[in-house]
2 protein chains.
Amino acid sequence: MTVSPANLQSPAEDPATAHYLLLSGGVDSSTLAGWVQHSHRGAPIVAITFMYGQKHGVECDAASAVAAHYGLEHRVVGLSAIEGSALTDDHQAVPEGRDLATVTGVAPTYVPARNLLFLATLASIADAHGPADLWLGVHRDDHTGYPDTRPEFVRAADEAVRLGTQYGLRVKAPFVEWSKADVVRWGVGHEVPYDLTLSCYQGSRPGCGVCDTCQARIEAFREAGAVDPIPYKVEG
Amino acid sequence: MTVSPANLQSPAEDPATAHYLLLSGGVDSSTLAGWVQHSHRGAPIVAITFMYGQKHGVECDAASAVAAHYGLEHRVVGLSAIEGSALTDDHQAVPEGRDLATVTGVAPTYVPARNLLFLATLASIADAHGPADLWLGVHRDDHTGYPDTRPEFVRAADEAVRLGTQYGLRVKAPFVEWSKADVVRWGVGHEVPYDLTLSCYQGSRPGCGVCDTCQARIEAFREAGAVDPIPYKVEG
């Protein structure tokens with residue numbers, strides 16, 4: 001496994017800083033697990049998976065496998081079900097076969113204030129113990145459909161977390177200006193175990209291949225010139 | 001009941017805006033309930049009480065009584081227990097008889113990232129439905145012991161909530177620059193039902209009179225030249 005330090009954020013902070021990362025078990029957060037592990041080897045790293053009423057729980061198994069691969073402590077934290085999303089509401093269907101190059105507006109799979117709620121919960125867990133960085137795997141290709149993945153949100157959340165905690169915790173989102181293909185390119189170069197990950201919004205293994213996130217994953221691997229190790233029912 | 005409109009925030013916003021307020025059943029949030037009800041009469045107002053592992057649940061009954069007084073919808077929302085506070089940890093005692101004029105630093109009763117977590121949860125509930133204001137009853141006298149009551153935190157949280165939600169929700173904290181005595185003064189002038197409220201960190205009725213919050217309440221009524229309608233075991 002090769003790490004090129006030039007790619008990594010400076011690890012010059014206090015070695016007592018702990019690291020908490022949001023790990024869903026998909027491509028982005030699993031790459032983030034690799035990033036944090038490479039850049040903060042030896043520091044305490046806790047991966048947290050939130051259960052918030054998703055229709056399927058298989059992503060939790062994927063997260064667990066990725067955490068085990070990197071030797072991270074893994075915690076599963078239950079939140080009250082979040083209303084108002086196709087990912088949590090049985091009355092809303094997960095969209096299939098949308099042309100992601102042309103869709104606009106907030107995605108039906110947007111989960112209200114999810115990233116803020118996740119970061120606030122991480123902050124509450126971490127701030128009981130000491131200084132910490134909270135890591136989020138958002139990237140540029142999600143900015144249109146998900147307001148809580150934009151750089152301006154990350155900056156504002158960082159400020160709110162810093163000012164609202166006794167230890168002045170910080171939020172870090174190293175991929176926020178990257179495309180999903182950039183994320184995959186870094187991950188393939190650093191042997192992120194993509195075979196263990198699960199992205200499908202249907203929670204299907206093999207992936208359905210037609211939901212927004214299967215489509216985005218397939219396209220990102222194609223753009224990165226890499227082979228996606230997981231199988232699909234339909235490959236668009 | 002008299003309302004002097006000059007005291008109130010302009011209700012010039014979209015009448016479709018809903019209002020969600022954090023209601024613990026203590027003096028500050030019960031006064032806030034009065035404030036929001038007076039300034040946004042006729043708009044949908046939802047009071048939310050969080051259960052987060054507090055040692056006592058009586059404050060929830062007080063919140064319920066205050067919400068009923070104002071005719072507000074009241075919801076009780078459970079959160080995972082928050083670690084690391086004398087309010088939630090059986091191994092940490094709630095301090096008694098501290099001289100509040102001289103204490104410095106973060107209070108032992110600080111609950112890690114509580115206000116951020118509460119606001120993020122409110123945001124998640126509200127953002128499923130439409131535009132909303134999220135109301136917080138923090139004031140100046142809490143700024144030293146509780147970092148998440150300071151104006152700079154409120155501003156940052158407002159920005160994070162606005163940018164992290166599909167409807168661009170806003171955070172409002174009308175008392176943030178007021179003293180607790182100012183809050184009581186406004187409340188007494190507007191007939192806030194302080195007889196229904198409960199402040200004691202011990203969850204005791206009559207109030208213990210010696211915990212930080214009983215002391216602060218007694219002092220605020222004294223400064224405001226008002227009579228506190230609730231009884232105390234000991235009045236300092």
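Using the Kirkwood formula on the Cα atoms of the protein assembly as shown, what hydrodynamic radius do you get, in angstrom to one decimal? Numbers along the way, then the final one.
Values: mean 1/r = 0.0425 Å⁻¹.
Over the protein assembly as shown, the inverse of the mean reciprocal pair distance is 23.5 Å.
Over the range B:36-171, the ratio between the Cα radius of gyration and 2.2 N^0.38 Å evaluates to 1.13.
Distances between equivalent label points of A:Glu191 across the copies, with each point positioned 7 Å along Cα→Cβ, amount to 7.4 nm, shortest listed first. Under a 5 Å amide H cut-off, with hydrogens placed 1.01 Å from N, A:Leu21 pairs with A:Val46, A:Ala47, A:Ile48, A:Trp135 among residues at least 5 apart or on other chains. Inter-chain Cβ neighbour count for A:125-133, averaged per residue, equals 4 (cutoff 10 Å, partner chain atoms only).
Might you report the magnitude of the Cβ-based charge dipole of chain A about its Cα centre, with Lys and Arg at +1 and Asp and Glu at -1, to the nearest 20 debye?
Numbers: 17 positive and 28 negative charges, 40 e Å.
Computed charge dipole of chain A: roughly 200 debye.
By per-residue mean of other Cβ atoms within 10 Å, what is the highest-first order of A:182-190, B:187-195, B:69-77, B:25-33? Working shown, then result.
On the way: A:182-190: 20.7, B:187-195: 18.1, B:69-77: 15.0, B:25-33: 26.3.
With the highest mean Cβ count within 10 Å placed first, the list reads B:25-33, A:182-190, B:187-195, B:69-77.
Basic side chains Lys and Arg get +1 at the Cβ, acidic Asp and Glu get -1 at the Cβ, and with that the dipole of the protein assembly as shown about its Cα centre reaches some 20 debye. Report the Stokes-Einstein translational diffusion coefficient (µm² s⁻¹, integer) for chain B, Rh taken as the Kirkwood radius over Cα pairs, at 25 °C with viscosity 0.890 mPa s. Rounded to a whole number, D works out at 137 µm²/s. When B:Phe153, A:Phe50 are sorted by how many other C-beta atoms sit within 10 angstrom of their C-beta, beginning with the fewest, the order is A:Phe50, B:Phe153. Per-residue shielding of B:164-175, expressed as the average number of other chain Cβ atoms within 10 Å of the residue Cβ, stands at 4. Label-point spacing at B:Ala68 relative to the other copies reads 5.2 nm, in ascending order, each point sitting 7 Å out from Cα along Cα→Cβ.
Each reported figure results from applying straightforward, stated rules to the coordinates on display, with no laboratory input. What you see is a predicted model, and the numbers here were worked out from it, not measured in a lab. Note: ideal-geometry Cβ built from the backbone for every residue, glycine included; neighbour counts use all protein chains shown.
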